[in-house]
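First up is the structure itself, then whatever we jot down about it.
The values are calculated or read from the model by the stated rules, or taken from the named source; none is laboratory data. Quick caveat: nothing in here was measured; it's all calculated off a predicted structure. Note: ideal-geometry Cβ built from the backbone for every residue, glycine included; neighbour counts use all protein chains shown.
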Amino acid sequence: MHGILGWGVHLPHHRLDRAQIAPVAGTGGGTGTRTVASYDEDTTTMGVAAARAALRARPAGVRSLWFATAEPAYLDKTNATAVHAALRLDRDAAAYDAVGSVRSALGALRAALTGPGTALAVAADLRAGLPGGPDEAEGGDGAAALVVGSAADGPVLAEVAAWVSLTEEFTDRWRVPGKPASRRWEERFGEVVYARLGAEALKLALAEAGVATEDVARLIVAGTHARAARTVAAGSGVPAGRVADRLHATVGNTGAAQPAMLLAAALETAAPGDHLVLLTLSDGADAIVLRATAALAEYRPAAPVAEQAAAGAPVSYGAYLAWRGLLRVEPPRRPEPARPSSSAASRNADWKYGFAGPPGAPRPMADVAGTIAAFTVDRLAYSPSPPMVFAVVDFDGGGRLPVELTDVDAAEVAVGDRVEPTFRRLFTADGIHNYFWKARPVRGGTER
Amino acid sequence: MGSHGIKDRVAIVGMGCTRFTEHWDKGVDELLLAATGDAFASAGVDKEQVDAYWLGTAQSGMSGLTLSRPLRLRDKPVTRVENFCATGSEALRQAAYAVASGAYDMAMAVGVEKVKDSGYQGLNAFPIPGDGTARTLTAAAMFSMVAPAYADRYGVSEQEMRTVLARIAAKNHANGARNPRAQFRREMSVERLCAMPAVAGGLSVFDCAGVADGSAAAIVVRAEDAHRYTDRPLYIKALSFVAGDGGGLTDPAYDYTTFPEVAASAADAYAQAGVTSPRDELAMAEVHDCFTPTELVLLEDLGFAERGQAWKEVLAGGYDLDGALPVNPDGGLKACGHPVGASGLRMMFEAWLQLRGEAPDERRISTYGSRSLALTHNLGGYPGEMVSFVSIVGV
């Protein structure tokens with residue numbers, strides 16, 4: 001039976017304290033924090049980070065990659081190909097986008113589960129809204145990746161016992177391409193529709209899996225309509241103590257990434273034999289029943305969700321607005337960088353995307369941590385978020401490279417600090433995103 | 001096989017140099033006309049007598065036409081050269097070798113840069129299409145890593161290091177104050193320099209070279225012909241150039257306290273000139289002080305101090321105008337500014353003035369009359385990947 005072979009989650013380093021919002025916007029905000037993608041992160045880079053975490057915990061010969069997001073870095077050009085390149089997947093491993101809505105993430109996962117061989121379903125999202133609005137406060141940025149396949153591909157940690165997908169056309173939330181924020185219909189309408197859809201999908205899925213409501217160890221309700229999710233959970237018959245925390249207090253709603261992220265979090269606390277239900281409310285309802293296997297006890301995630309949710313560093317509301325392009329700040333008085341050459345980037349794709357040397361080089365540096373031998377803080381260089389921090393890094397096992405640091409406090413960098421490569425977007429010029437690798441401090445249990 | 005040099009085979013017989021400053025009212029053409037005009041007058045020749053021209057400019061123009069058009073040169077070979085910040089020195093090197101080869105009787109080397117038309121502060125390199133993975137930090141930031149590395153290696157405290165770097169800047173500003181061609185003509189105290197805010201690593205704006213427009217030119221002939229043009233020719237003793245392989249950036253053994261390309265070009269130059277103890281033989285040196293820590297390391301790479309000792313000599317005033325070996329008596333890049341293509345020839349212009357006794361009294365080197373050799377050092381690039389030029393000239 002097909003199921004989950006492994007998972008990885010990426011939560012950005014930065015956290016916005018919701019209490020910071022109202023003093024500036026005059027309204028909105030709330031309590032707790034939400035995750036904020038750094039200025040050099042987008043859904044592609046966050047997807048790479050989550051996928052790398054997944055493949056670190058569960059090395060796999062990936063045959064197909066599905067990348068889902070509601071905020072693609074590119075339209076018309078596939079984003080999954082950059083993820084594919086950063087993961088150094090085989091040339092004949094397929095890579096596809098599924099973009100536009102939270103629901104597309106479920107479709108991508110479903111396609112991954114039904115395809116041949118091991119597949120990687122990656123979902124990432126950047127959730128913004130107009131300043132002071134509910135989406136801004138309730139949203140969160142992040143990514144999650146699931147390695148899926150059958151027992152032939154590796155030990156299955158959670159088998160898919162049933163999947164019911166109900167589709168319904170109605171307009172609860174919408175966004176015209178290019179607009180910075182979604183709009184929403186009056187809340188009660190969506191709540192009523194989703195309550196009906198959720199209850200029906202849950203009932204059908206449990207019946208298909210032959211699982212009684214009282215045997216559900218964990219009910220996860222995902223979807224952008226927070227009130228509907230609460231209503232569905234409350235009416236499900238599953239005791240409140242078994243309803244998964246939606247990470248509102250620390251992370252926020254990560255949109256297309258939320259279903260897989262909450263599933264990952266649930267799997268991290270599940271026991272073999274547990275039945276987990278992932279119910280996603282998005283233009284219909286998808287209910288998935290999973291059964292945790294004995295192999296789950298042996299699985300060690302690379303960077304557990306709880307650990308990442310508890311970590312992070314504050315970002316000011318002003319910096320958040322500037323990073324998302326919602327506050328135009330004075331640009332650095334330096335020439336803007338030129339767009340990268342497509343042909344040069346193509347020739348050097350192994351280096352640029354895979355952080356791997358030319359053929360014959362000992363090993364890709366992407367998976368190697370290192371130590372800062374020297375560093376400098378450059379307040380003169382062009383950066384989308386000055387100052388630029390640069391370090392000369394000696395990689396474990398040999399090799400040195402001067403690389404830009406990210407997710408750091410310039411005042412706290414020191415020679416001897418441990419850092420690890422991270423795939424980022426250096427800048428965008430002429431609409432071309434310039435992806436390359438930086439290094440970030442090794443924090444908590446993230447070092448291999 | 002071997003680097004033999006052209007010791008005493010070629011001489012500089014005329015030079016010109018504009019003021020280095022923000023020439024808002026002058027473009028490349030005007031700067032070139034001014035510097036070459038002064039050089040022609042200095043040698044007592046006209047443009048037709050010069051058989052070939054080498055123009056050094058990093059990014060103020062392309063091809064020999066950048067020079068041949070404003071000078072109205074016809075039927076002359078004019079070559080534009082570029083070698084990072086050592087561009088001006090490279091032009092001289094090519095002109096000197098052309099004369100030494102016998103191909104031409106008289107050649108001119110001209111350097112020019114119009115940097116203040118970019119609309120941005122500092123120097124900004126032409127973007128060359130690439131894969132987008134090249135480093136984007138500034139030269140200031142790259143060279144800023146030298147200071148803590150040096151301090152750490154030789155046990156210099158952060159405060160002492162700050163003072164040493166300020167002392168270098170103060171010396172160059174003091175010299176520049178006595179140089180009418182310098183961009184900055186005010187003395188700066190060590191205390192004031194130490195109080196400046198950092199912009200790149202520990203470096204302040206005042207640890208960086210000035211940014212100025214300017215041009216300089218030299219006319220070279222065979223040594224045996226030199227006295228036809230001047231009683232006091234400057235004989236070329238050595239011209240050396242080394243382009244590194246960039247390996248320092250990825251070499252874990254590289255520690256940012258030395259520039260191997262500079263040490264190698266200095267060794268070659270000293271061998272060509274027959275100099276065995278530069279500290280005792282040189283009357284002066286013009287070195288590429290693009291940033292204050294650069295000058296500190298150069299003093300050791302060029303053999304003016306033992307490893308780990310230059311900082312003490314700096315504090316003791318050993319490289320001041322009245323020191324044992326004056327360094328950057330014209331104020332260096334620090335006070336003159338750095339019009340990239342012109343700087344190498346500006347350095348040579350100071351050697352021309354000092355060795356011939358033409359420098360004004362208030363900035364005459366202490367060694368005048370007792371020593372007769374000058375060194376110019378010009379580098380381009382960054383720690384770990386640079387080009388380095390060293391010349392030695394004498395009267």
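Quick notes on this structure:
- Search result, residues across segment B:338-366 that are crowded, with 22+ Cβ neighbours inside 10 Å and polar (S, T, N, Q): B:Ser343, B:Gln354
- Residue satisfying all of: in segment B:231-250; under 21 Å from B:Asp268 (Cα atoms) and within 14 Å of chain A (Cβ to nearest Cβ); surrounded by the most Cβ atoms within 10 Å (Cβ to Cβ) among these: B:Gly248
- Of the criteria (1) part of a helix (DSSP H, G or I); (2) among the small types (Gly, Ala, Ser); (3) at pLDDT below 95, which one A:Ala128 fails: (1)
- Among the residues listed as B:Ala217, B:Ala226, the single one being under 30 Å from B:Ser101 (Cα atoms), in contact with a Cys (Cβ under 8 Å, 6 or more places away or on another chain) and in the same structural domain as B:Ser89 (by TED's automatic domain parsing): B:Ala217
- Check on B:Val275, in the same structural domain as B:Arg363 (by TED's automatic domain parsing), β-branched (Val, Ile, Thr) and closer than 23 Å to B:Glu358 by Cβ: no
- Residue check, B:Ala374 outside any loop (DSSP other than H, G, I, E, B), more than 14 Å from every other protein chain (Cβ to nearest Cβ) and either closer than 17 Å to B:Asp280 by Cβ or among the basic types (Lys, Arg) (or both): yes
- Close contacts from segment A:431-444, counting a first residue that is outside any loop (DSSP other than H, G, I, E, B) and a second that is among the aromatic types (Phe, Trp, Tyr), with Cβ to Cβ under 6 Å and a gap of 6+ residues or different chains, come to A:Asn434/A:Phe427; A:Trp437/A:Phe355; A:Trp437/A:Phe423.
- Residue check, B:Ala95 touching a strand residue (DSSP E or B) at 6+ places or on another chain (Cβ under 7 Å), small (Gly, Ala, Ser) and away from chain A (no Cβ under 14 Å): yes
- Considering segment B:26-72, and only residues there that are surrounded by fewer than 18 Cβ atoms within 10 Å (Cβ to Cβ) and assigned to a loop (DSSP other than H, G, I, E, B), the residue that is farthest from the chain's Cα centre (by Cα) turns out to be B:Arg72.
- Matching residues in segment B:98-129 - criterion: being of a type in the set (Gly, Ala, Ser) and under 19 Å from B:Tyr382 (Cα atoms): B:Gly122, B:Ala125
- For the residues B:Asn179, B:Asn172, the requirement of being farther than 24 Å from B:Met142 by Cβ and either surrounded by fewer than 21 Cβ atoms within 10 Å (Cβ to Cβ) or not β-branched (Val, Ile, Thr) (or both) singles out B:Asn179.
- Of the residues making up segment A:72-84, those that are in contact (Cβ under 8 Å) with a residue 24 or more places away in the chain and surrounded by fewer than 19 Cβ atoms within 10 Å (Cβ to Cβ) number 2.
- Residue satisfying all of: in segment A:338-357; within 7 Å of chain B (Cβ to nearest Cβ) and buried (at least 19 other Cβ atoms within 10 Å of the Cβ); farthest from A:Thr428 (Cα to Cα) among these: A:Trp351
- Residue match in segment A:422-435 (condition: more than 11 Å from chain B (Cβ to nearest Cβ) and at positive phi): yes
- Segment A:384-394, residues that are in contact with a Pro (Cβ under 9 Å, 6 or more places away or on another chain), at pLDDT 90 or above, more than 7 Å from chain B (Cβ to nearest Cβ) and surrounded by fewer than 23 Cβ atoms within 10 Å (Cβ to Cβ): A:Pro386
- Residue within segment B:127-140 that is assigned to a helix (DSSP H, G or I), closer than 28 Å to B:Ala253 by Cα and either among the basic types (Lys, Arg) or in contact with a Phe, Trp or Tyr (Cβ under 8 Å, 6 or more places away or on another chain) (or both) present: yes
- Residues that are in a strand (DSSP E or B) and either facing another protein chain (nearest Cβ under 9 Å) or surrounded by fewer than 18 Cβ atoms within 10 Å (Cβ to Cβ) (or both) were ranked within segment A:396-418; the one that is farthest from the chain's Cα centre (by Cα) is A:Arg400.
- Some residue of segment B:215-230 being buried (at least 22 other Cβ atoms within 10 Å of the Cβ) and part of a loop (DSSP other than H, G, I, E, B): no
- Residue pairs whose Cβ atoms lie under 6 Å apart, sitting 6 or more positions apart in sequence or on different chains, and linking a residue in segment B:197-216 that is away from chain A (no Cβ under 14 Å) to a partner that is in a strand (DSSP E or B) and modelled with pLDDT of 95 or more, are B:Ala212/B:Thr21; B:Ser215/B:Val112; B:Ala216/B:Cys17; B:Ala216/B:Gly111.
- Whenever a residue of segment B:84-102 is assigned by TED's automatic domain parsing to the domain that holds B:Gln49, its partners that are polar (S, T, N, Q) and modelled with pLDDT of 95 or more, lying with C-beta atoms within less than 6 angstrom and at least six residues away or across chains, give the pairs B:Ala86/B:Asn378; B:Gly88/B:Ser343; B:Ser89/B:Asn378; B:Glu90/B:Asn83.
- A:Gly370 within 8 Å of chain B (Cβ to nearest Cβ) and either of a type outside the set (A, V, I, L, M, F, W, C) or crowded, with 21+ Cβ neighbours inside 10 Å (or both): no
- Search result, residues across segment B:251-273 that are away from chain A (no Cβ under 14 Å) and touching a Lys or Arg at 6+ places or on another chain (Cβ under 7 Å): B:Gln272, B:Ala273
- Test: residue in segment B:16-25 that is in contact (Cβ under 8 Å) with a residue 60 or more places away in the chain and over 22 Å from the mean Cα position of the chain (by Cα): yes
- The single condition among (1) in a loop (DSSP other than H, G, I, E, B); (2) more than 20 Å from B:Pro148 (Cα to Cα) that B:Ala253 does not meet is (2).
- Looking across segment B:108-161 at every residue that is acidic (Asp, Glu) and over 20 Å from B:Thr294 (Cα atoms), the one that is nearest to the other protein chains (Cβ to nearest Cβ) is identified as B:Asp131.
- Those residues of segment A:261-307 which are assigned to a loop (DSSP other than H, G, I, E, B) and among the basic types (Lys, Arg), in sequence order: A:Arg300
Let's see how each residue does on (1) in contact (Cβ under 8 Å) with a residue 60 or more places away in the chain; (2) touching a strand residue (DSSP E or B) at 6+ places or on another chain (Cβ under 8 Å):
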site	(1), (2)
B:Ala324	no, no
B:Pro329	yes, yes
B:Leu333	yes, no
B:Ala342	yes, yes
B:Leu345	yes, yes
B:Trp352	yes, yes
B:Pro360	yes, no
B:Arg363	yes, no
B:Tyr368	yes, yes
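- Extreme residue, nearest to A:Met46 (Cα to Cα), among residues of segment A:308-345 that are assigned to a helix (DSSP H, G or I) and touching an Asp or Glu at 6+ places or on another chain (Cβ under 7 Å): A:Ala345
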